[in-house]
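Single-structure report; data block below.
Taken together, the values in this text are just the output of simple stated rules run on the coordinates, not laboratory data. If you're wondering where the values come from, they're calculated on a predicted model, not measured in any experiment. Cβ atoms come from the backbone with ideal geometry, glycine included; neighbour counts cover every protein chain shown.
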Amino acid sequence: DGGITQSPKYLFRKEGQNVTLSCEQNLNHDAMYWYRQDPGQGLRLIYYSQIVNDFQKGDIAEGYSVSREKKESFPLTVTSAQKNPTAFYLCASKDPGMNSPLHFGNGTRLTVT
Amino acid sequence: AQSVTQLGSHVSVSEGALVLLRCNYSSSVPPYLFWYVQYPNQGLQLLLKYTSAATLVKGINGFEAEFKKSETSFHLTKPSAHMSDAAEYFCAVSAAPSGGYNKLIFGAGTRLAVHP
């Protein structure tokens, strides 16, 4: 079955450490996205990539970095510069076109203490 | 600019009762609209989407939504709630490409509780 795999499911880090969240898809989608979800705030876009070796900042990119070296993979690094990194992170991908829905992974819950 | 407003952050219904989750959108162009469901600690799953083919859209799990242009609404309904429907629901609108980028704008979500 095609889908999006995010790992790990739960991640714990000490403040000041960088951490990388994995996202892999086998849907053959060109576009991939990272969202952050906090209680009561819906989804906020961190970064997106429309094609390999290209990515753009979303609405809340500060303190995060990404790479897109392969079509299937879009890892997100939460750096020590991110002031409030504890959150639920969702990776998604989609086909081109405004009527194409996003397909989501099952998320990674990051806790930084 | 496109936007989405979901009225009611929490909705509680009895099992077997009608479910009505409200979504109003703002869009300067004909919109593409989506409803997603999220169960605890999981990703979002597509329930249904409106793409102008029909104003009444049927989705999975017995849900449906009606597009009303005059009211700029896309409310989600289900005739009879089941305990398994308890989850968070998100309405989203597909924004016109900006800088070559087509993004979905999400509402803040409505948490549905179903009690016996």
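Taking only segment A:92-106 into account, find how many residues are more than 14 Å from the chain's Cα centre (by Cα) and either of a type in the set (Ser, Thr, Tyr) or within 8 Å of chain B (Cβ to nearest Cβ) (or both).
Total meeting the criteria: 6.
Restricting to strands (runs of 3 or more DSSP E) lying wholly in segment A:8-52: which have 3 or more residues that are among the hydrophobic types (A, V, I, L, M, F, W, C) and within 24 Å of B:Ala108 (Cα to Cα)?
Correct list: A:31-37, A:43-51.
Just to check your reading of the model, which residue among B:Ala113, B:Ala17 is part of a loop (DSSP other than H, G, I, E, B), hydrophobic (A, V, I, L, M, F, W, C) and either under 16 Å from the mean Cα position of the chain (by Cα) or away from every other protein chain (no Cβ under 12 Å) (or both)?
Values: B:Ala113 fails: part of a loop (DSSP other than H, G, I, E, B).
Result: B:Ala17 is the single residue among B:Ala113, B:Ala17 that is part of a loop (DSSP other than H, G, I, E, B), hydrophobic (A, V, I, L, M, F, W, C) and either under 16 Å from the mean Cα position of the chain (by Cα) or away from every other protein chain (no Cβ under 12 Å) (or both).
How about segment B:26-50: which of its residues are buried (at least 18 other Cβ atoms within 10 Å of the Cβ) and over 18 Å from A:Ser100 (Cα atoms)?
B:Gln38, the sole residue that qualifies.
For segment A:94-113, name all the residues that are among the charged types (D, E, K, R) and assigned to a strand (DSSP E or B). Give the derivation first.
We begin by selecting, within segment A:94-113, every residue among the charged types (D, E, K, R); these are A:94-95, A:109.
A:Lys94, A:Arg109, listed by residue number.
Output the residues belonging to segment A:75-91 that are of a type in the set (A, V, I, L, M) and either more than 8 Å from chain B (Cβ to nearest Cβ) or in a loop (DSSP other than H, G, I, E, B) (or both).
A:Leu76, A:Val78, A:Ala81, A:Ala87
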